[in-house]
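Worksheet: one structure, shown below.
The values are calculated or read from the model by the stated rules, or taken from the named source; none is laboratory data. Source: prediction; values computed, not measured. Heads up, the Cβs are rebuilt from the backbone with ideal geometry, glycines too, and the neighbour counts pull from every protein chain shown. These accessible areas exclude ligands, DNA and RNA; they are computed on the full protein's heavy atoms, side chains included. Shrake-Rupley method; radii C 1.70, N 1.55, O 1.52, S 1.80 Å.
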Amino acid sequence: MNPLDPAEVRPGVLHLGIGGFARAHQAVVLERMMVATGDLSWGMVGVSQRSPAAAEALRRQSCRYSLMYDRSGPATVVGSVHDAYFAGDDPHRVTRDVAAGSTRLVTVTVTEKGYRPPSVAAGQLAEGLRERSRTGAPLTVLSCDNLPGNGVLLAGLVDEALGDEAARTWVRENVRFPDTVVDRMVPRTTEDVCAAASGSLGWRDECALVTEPFLEWVIADPGPGVLPDLTLGGAVLSREVAVYAERKLRILNAAHSALCWWGVLAGHRYVADVMADETIVGAVRSMLVDDVLPILRAPEGTRLTDYLDSVFERCANPALRHATAQVCGDGSLKVGPRLLDSAVANLRLGRMPHGLAAAVGAWLRCTTTSVDDTGRPLDLDDPMAARIRATRTTADALRTVHPEAADHADFVHAVAQARHSSP
Ligand code: CS2
């Protein structure tokens with residue numbers, strides 16, 4: 001049985017972007033916290049941003065859903081989501097919910113795409129916060145997307161979207177946007193996962209997910225009174241959040257992306273299959289050891305090499321069936337923070353990062369080809385793909401995603417060569 005009943009938890013957290021990741025991450029932390037304290041006023045209300053499907057599916061099952069670590073079960077039920085709705089059905093409800101005094105925390109997972117101007121989430125927050133400024137109630141907003149300085153970034157977009165100076169000043173003084181680092185591998189759910197969960201639970205679960213046991217949420221410590229005690233749900237408050245963010249983006253996400261770009265080209269369907277391909281794994285490991293670890297700091301009391309090993313272990317988890325095509329999605333928005341920032345850090349030191357250049361070449365091939373290396377059609381989701389395909393040179397392609405990287409002629413040359421070869 002689930003410890004919490006969605007009908008009994010009271011709404012306290014508004015979540016923008018209620019997809020699989022939010023259900024397997026923030027909702028789990030909130031559930032653990034509510035169970036630990038007995039305070040049921042931190043239930044989540046989830047807003048689906050792009051289509052009604054996720055919210056409708058949740059509502060059909062009273063917002064209960066299950067998580068598994070393996071298709072063979074067992075399934076555990078999460079009960080911390082109180083309600084869910086589609087923003088497009090009622091945009092004013094989003095404004096009202098951001099403004100409502102009962103909402104004391106807003107969490108956001110809108111993917112890298114959601115941080116490009118004009119950002120839908122920033123627009124929604126701006127509308128709601130303008131309304132909220134009339135009551136004067138402070139608020140905390142936690143961006144949970146894989147971008148460095150995600151809180152600062154979102155605060156900037158909201159500031160731009162606000163327009164008038166009075167509202168801007170109020171938000172600067174009363175709304176906090178601590179940076180966060182979120183970590184849990186959550187493959188998009190599939191029919192067989194739902195069927196397996198339904199079998200184990202005895203009721204039809206369309207929102208079930210298989211995820212990994214690992215879960216991390218590091219939040220820049222905003223001081224007392226700004227957040228509920230999320231540490232009781234497993235979050236960590238830290239003064240080193242930027243160090244954690246770089247470690248996660250430039251090791252875990254960089255490895256994930258590089259494995260999947262090379263993997264998808266070689267015809268591998270799942271991340272775990274790529275992990276059995278020694279050539280690709282070797283190339284990704286050397287890329288990280290030679291070009292990434294030397295430019296990173298380790299969070300206090302930890303070692304980057306241990307982190308690297310744990311990342312490879314997690315990627316090899318066969319229960320996840322994490323599709324390479326899913327991780328390759330939106331690659332042009334990921335290649336900057338995951339690989340090119342590290343490449344530029346090396347180049348500034350006068351060092352050529354050959355491993356990173358090779359992986360960036362794989363991204364470029366993925367983005368511009370329509371078949372994989374085995375001749376099968378390849379059609380990855382990427383809002384910038386058309387723009388990149390229209391460029392004539394590797395330098396121009398790189399410039400669309402990372403102007404500074406494109407200014408280093410030797411690096412551009414290395415990427416251009418790698419673009420047409422295997423690891
Ligand atoms: C993945 C991430 O799809 C992707 O781009 O690299 O979603 C990854 O699974 C998570 O960041 C793990 O925390």
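Summary table below
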quantity	calculated
Residues satisfying the stated conditions in the stretch 158-185, i.e. touching a strand residue (DSSP E or B) at 6+ places or on another chain (Cβ under 6 Å) and assigned to a loop (DSSP other than H, G, I, E, B)	Phe177, Pro178, Asp179
Number of positions in the stretch 15-40 that are closer than 21 Å to Thr231 by Cβ and more than 16 Å from the ligand (Cβ to nearest atom)	12
Long-range neighbours under 8 Å by Cβ, at least six apart or interchain, first residue without any contact (Cβ under 8 Å) to a residue 12 or more places away in the chain and in the same structural domain as Leu153 (by TED's automatic domain parsing) within the stretch 81-109, second part of a strand (DSSP E or B) and open to solvent by less than 50 Å² (accessible area, probe 1.4 Å)	Arg93/Tyr85
Matching entry among Val210, Val186 (being hydrophobic (A, V, I, L, M, F, W, C), within 21 Å of Cys315 (Cα to Cα) and buried (at least 24 other Cβ atoms within 10 Å of the Cβ))	Val210
Filtered residues of the stretch 159-180 (kept if touching a Pro at 6+ places or on another chain (Cβ under 9 Å) and within 16 Å of the ligand (Cβ to nearest atom))	Asp179
Residues being surrounded by fewer than 18 Cβ atoms within 10 Å (Cβ to Cβ), under 20 Å from Ala418 (Cα atoms) and charged (D, E, K, R) - total across the stretch 316-353	1
Selection count, the stretch 361-413, where residues are under 23 Å from Gly263 (Cα atoms) and among the polar types (S, T, N, Q)	6
Subset of the stretch 160-173 (residues that are open to solvent by 40 Å² or more (accessible area, probe 1.4 Å) and at pLDDT 95 or above)	Glu160, Ala161, Glu165, Ala166, Arg168, Thr169, Arg172, Glu173
Total residues in the stretch 203-234, condition under 20 Å from Pro299 (Cβ atoms) and within 16 Å of the chain's Cα centre (by Cα)	6
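Yes/no per residue for (1) hydroxyl-bearing (Ser, Thr, Tyr); (2) open to solvent by 30 Å² or more (accessible area, probe 1.4 Å); (3) within 15 Å of the ligand (Cβ to nearest atom); (4) in contact with a helix residue (DSSP H, G or I) (Cβ under 6 Å, 6 or more places away or on another chain):
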| position | (1), (2), (3), (4) |
| --- | --- |
| Ala220 | no, no, no, yes |
| Gly225 | no, yes, no, no |
| Asp229 | no, yes, no, no |
| Leu232 | no, yes, no, yes |
| Glu240 | no, yes, no, no |
| Tyr244 | yes, yes, yes, no |
| Ala258 | no, no, yes, yes |
| Leu265 | no, no, no, no |
| Met275 | no, yes, yes, yes |
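For every residue, the table says whether it meets (1) under 16 Å from Phe21 (Cβ atoms); (2) part of a helix (DSSP H, G or I).
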residue: Phe214; (1), (2): yes, no
residue: Leu227; (1), (2): no, no
residue: Leu237; (1), (2): no, no
residue: Ile251; (1), (2): no, yes
residue: Ala255; (1), (2): no, yes
